[in-house]
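Below: the structure, in structure tokens.
The values are calculated or read from the model by the stated rules, or taken from the named source; none is laboratory data. None of the values given here were measured: they were computed from a predicted structure. For neighbour counting, all protein chains shown are included, and Cβ atoms are generated from backbone atoms with ideal geometry for every residue, glycine included.
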Number of protein chains: 2
Amino acid sequence: MPVQPRTPPGVMELLPPQQLAFQRMLDTIRRGFERFGFLPVETPVFELTDVLLTKSGGETEKQVYFVQSTGALKEGKAPELALRFDLTVPLARYVAQHEHQLNFPFRRYQIQRVYRGERNQKGRYREFYQCDIDVIGKDTLPLAYDAEAPAVIHGIFSELAFGAFTIKINNRKLLQGLLVAFGWEPELHQAVLHEVDRLGKIDDAEVITRIRAIKPEVPESLQQGPESFVRLLRAADGGPDTFQVLEPYQQSATVAEGMAELRRVYEGTLALGVPASQLTIDLSIARGLDYYTGTVYETFLDDHPKLGSICSGGRYENLAGHYTKSRLPGVGISIGATRLFSQLLEMNVIGVNEAAVAQVLVLTVDPTLTADYARMATELRAAGLNVEVYGGEDKLGKQLKYADRARVPLALIYGSREHDAGIVKVKDLRGGGEAKEHDLPRGDLVAAVQRVLRPES
Amino acid sequence: MPVQPRTPPGVMELLPPQQLAFQRMLDTIRRGFERFGFLPVETPVFELTDVLLTKSGGETEKQVYFVQSTGALKEGKAPELALRFDLTVPLARYVAQHEHQLNFPFRRYQIQRVYRGERNQKGRYREFYQCDIDVIGKDTLPLAYDAEAPAVIHGIFSELAFGAFTIKINNRKLLQGLLVAFGWEPELHQAVLHEVDRLGKIDDAEVITRIRAIKPEVPESLQQGPESFVRLLRAADGGPDTFQVLEPYQQSATVAEGMAELRRVYEGTLALGVPASQLTIDLSIARGLDYYTGTVYETFLDDHPKLGSICSGGRYENLAGHYTKSRLPGVGISIGATRLFSQLLEMNVIGVNEAAVAQVLVLTVDPTLTADYARMATELRAAGLNVEVYGGEDKLGKQLKYADRARVPLALIYGSREHDAGIVKVKDLRGGGEAKEHDLPRGDLVAAVQRVLRPES
């Protein structure tokens, strides 16, 4: 009795046409990262557990996958290895470990899968790609780098062509300063920002009620309450006028610093060619309290707000405090490619009408001409074309059906008749139902095929 | 006290220059696979244990890494997941699972990492890349596909330029037939072939002695013993004359079938443009008994025979017997990219003199011109160049040192003087010690930079 072939739940495994589309998406992301000179890094899928789990347990640790060889498992030892759950901890370990061999500011991209022991539910992946860039400074990192991330995002999502999108930026210092100005004690900041993060997802009134619940009695000393705080965050028009709204709060040094940073990042991003129509200052973007300390980014597809942010990140004070005493500030963004791809595929934003890898399929019409088929394929490959030879001696109809299912653009037919006439018949299968046919000279096959493939050139 | 940042033993983690070289190697392999129209497939890093470990334990199972989430670990359950140890079992599972949605012959490539719980010793990796192609037929697979694999190997290793290489081919049916002809009982075949695999690695005489030890008494009924068997296998000159040596054994139907197959694969490979000087028939190539059933391949770097085969594979009867009743014969090859890369790096066959990802670094000479630097970078990027902007306001010397360490070909200098003169100074850092300088017109920067980068065009 055969074992039922199946994948574990929570993984994305694709059929070849979808895999091709996904591959092209990853290639576009990589090209976008390289366009800004980021360097590739890959780290092992597992890390030593003491290296990976430096933080004190909690939510993250519950989702970790531990790894043990057969021997270690039998001995009942505590696992020494665990799968990475993000690319940030491995980056911190990498930079701390190789610090003296790296060139700072260190700009790296990393496109690899990460693992989370998520409960099994739709849209939750246990294995998924993250595509990250980070710039890490030694001791300091100029603010100029904060303006780069939105430009990278803009380049990539323009090329991916998933429709209109908006990059939202904000600054955590600014938020922090406002929280103080509005009278919240530091220990309540996290709770308030947690609610702020809901702005734009649920009703403002609902958010106000939730913030009130954090501290039901508003002391008289406070001039403004949750309502005016939320109103302020939502008053931003997204452009430079937003800074006018904030002017009354500039007596706070933290607010002033945050504003200055935000203004420079905004202007720097525009200078890098991101159109103002696609860049929005949104004071309600908060992104968790303990990690980001300055600029924060989120990205939304205008026509699909329900997807939430499709590319996020920000500036942090110190990357690798767990591993080194060096101060390593950084700024980075991350694209969760697996979730994004699978959602856009489901919504038909990503189509799978992609052509095959092969551009040309050489059919086997006459077995005595096999060596000719090999030669034709070799000539075409030498010119940089992707070419497949149908190896079986099946009927022409079966071979053409294979070509059609594979979405190969051109099929070459070369039987004894064509051989004698010195031509090769090419069937253009791109049109759908009716295939166009051309007779190409055998002696000039490569150039002729290239012309049929790209009539414009 | 910080945790010491370190990787687990047995993994290859690279610094960016090496990672770039490795990335280019993987890209070349991928391009080589796509040149023949193979389709990309990726499978999850882990499989369900009952799916992965269908075979009855043994050596392989001992090297498996099991995976458990925190919860499962605490409950002391048997692990449900394990990391893949090759790409063949996942391919079998994939093809069986998606059989009805695939287009046969199914041609897939897969470039992913695999995991083995190896003992910790030099050259043994616990995590390493495999780069595989396979063509899988439904019920049957024409022999024409066997001739393709060496052509793919030839294309890839020619482009990788690791030096001269030779592809060796043989046929398992032929070996099997000869074993019978030489009087070995089927149950001894595996042991004899195990010794045959040593031919070329140790002395022939030593191999003969070892084969004799399998069956010390040679019955009188046998006309020929281990010595003449070994002499026969070694008599092959590598070219078509090899078949003459085998003619006396053609009364065996198995030998005759193996010979016919080998001849067709040999000739088919030549027709695909592989030069006869790089293709050798080697009757001593055996490659383990239980999996391969026809054509087998090995590939050697002529100047580095000690590396052993750097790309191997063969034809098998049935891919997925554990998962489906369908008969799925196939043929494939595999490149162990991690081991090959690390060895060639150590031997200096692969250099790490690669240029950075960025082709141009825009220096920050005058902070008031930041917006100009952004615009220049954006113009160059729009033309497809990879460009980095140095974000800090450091001294010129420090910025140039960064450029030099990063191996960026060109650094652009644009201060108030250049601004007023309408030029951009470009430092060509490729020469090593003395950087060449050019003044380029600001108004025609893109074309001018492209000319400096590629003077030939």
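Things worth noting here:
- Unique residue being modelled with pLDDT of 95 or more and away from every other protein chain (no Cβ under 14 Å) when the list is B:L232, B:L262, B:L246: B:L262
- Region A:386-405, subset facing chain B (nearest Cβ under 8 Å) and surrounded by 15 or more Cβ atoms within 10 Å (Cβ to Cβ), residue nearest to B:T28 (Cα to Cα): A:N386
- Remark: A:L179 falls outside the filter, which requires a residue to be touching a residue at least 12 places away in the same chain (Cβ under 8 Å), under 30 Å from A:E257 (Cα atoms), outside any helix (DSSP H, G or I) and of a type in the set (A, V, I, L, M, F, W, C).
- Hits in region A:167-186 (condition: of a type in the set (V, I, T) and over 16 Å from A:E267 (Cα atoms)): A:V180
- Boolean, B:T269 is of a type in the set (V, I, T), surrounded by 22 or more Cβ atoms within 10 Å (Cβ to Cβ) and either within 14 Å of chain A (Cβ to nearest Cβ) or touching a Gly at 6+ places or on another chain (Cβ under 7 Å) (or both): yes
- Only residues that are part of a loop (DSSP other than H, G, I, E, B) and more than 10 Å from chain B (Cβ to nearest Cβ) were counted in region A:345-363, giving 10.
- Strands (runs of 3 or more DSSP E) within region A:57-162 that include 3 or more residues more than 7 Å from chain B (Cβ to nearest Cβ) and in contact with a Ser or Thr (Cβ under 6 Å, 6 or more places away or on another chain): A:127-136
- Within region A:200-219, considering residues that are at pLDDT 90 or above and under 27 Å from A:E261 (Cβ atoms), the one surrounded by the most Cβ atoms within 10 Å (Cβ to Cβ): A:V207
- Leading residue by the ranking (farthest from B:P5 (Cα to Cα)) among those in region A:319-331 that are out of contact with any Leu (no Cβ under 6 Å at 6 or more places or on another chain) and not charged (D, E, K, R): A:V331
- Residue identified as of a type in the set (V, I, T) and either touching a Pro at 6+ places or on another chain (Cβ under 7 Å) or within 11 Å of another protein chain (Cβ to nearest Cβ) (or both) among A:V408, A:V449, A:V424: A:V408
- Taking each residue of region A:274-288 that is part of a loop (DSSP other than H, G, I, E, B) and looking for partners that are basic (K, R) with beta-carbon atoms closer than 8 Å, six or more apart or interchain, yields A:D282/A:K168; A:L283/A:R234; A:S284/A:R234; A:I285/A:K168; A:A286/A:R172; A:R287/A:R172.
- Residue within region B:364-380 that is assigned to a loop (DSSP other than H, G, I, E, B), more than 12 Å from every other protein chain (Cβ to nearest Cβ), touching a helix residue (DSSP H, G or I) at 6+ places or on another chain (Cβ under 6 Å) and not small (G, A, S) present: yes
- Within region B:1-34, restricting attention to residues that are within 7 Å of chain A (Cβ to nearest Cβ) and polar (S, T, N, Q), the residue that is farthest from the chain's Cα centre (by Cα) is B:T7.
- Total residues in region A:283-337, condition surrounded by fewer than 22 Cβ atoms within 10 Å (Cβ to Cβ), charged (D, E, K, R) and away from chain B (no Cβ under 14 Å): 6
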